[in-house]
Amino acid sequence: MTNEVRQTLLGAAALVRKGWTQRCNARDAEGKETSAYAPRARCWCAFGAIWRSAPYISIANDVVAECEMRLGLSCSLTQWNDAPERTQDEVIEFLERIATEAEQEHEGGNRG
């Protein structure tokens, strides 16, 4: 994975730490659904946070695909995020864990 992927994951985790939601990409301070890119957005689902944090659409697509592959489930990242039992802490931990693994893979791939 590239450094851009890692930075996108860390950025997404930071957004979810500020505020997390389910059943939409983002919500404003009043809890109303909004675009993940909207300046008024105050909380994000995992998917919305990734899209907001990614520098390019291709990076966002790569990050979502990587998350879904690592989940190893037959559901999407959105379905995983929206599961009734899911918590904000689980989403943050998941995104940060993948970022850490990405860094380790990147460093391992750069060794002689």
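Taken together, the values in this text are just the output of simple stated rules run on the coordinates, not laboratory data. The shown structure was predicted, so the numbers you read here are calculated from the model rather than taken from an experiment. Methodologically, a virtual Cβ is constructed for each residue, glycine included, from the backbone with ideal geometry; neighbour enumeration extends over all protein chains shown.
Label positions at residue 88 and residue 69, each projected 7 Å from the Cα along the C-beta direction, are separated by 3.1 nm.
Per residue of the chain, the DSSP helices (runs of n ≥ 4 H) give a summed -39500 (n - 2.57) that works out to -19000 deg cm²/dmol at 222 nm.
In the chain, once you exclude exposed GluC sites (Glu not before Pro) (DSSP loop, at most 16 other Cβ within 10 angstrom), what's the longest stretch remaining? The longest uninterrupted stretch comes out as 31-84. With bins 5 Å wide beginning at 0, the percent of Cα pairs of region 6-74 falling in each bin runs 4, 20, 28, 24, 16, 7, 2. Within the listed set 44, 20, 80, the residue fluctuating most in the Gaussian network model of the chain (springs between alpha-carbon atoms under 10 angstrom) is 80.
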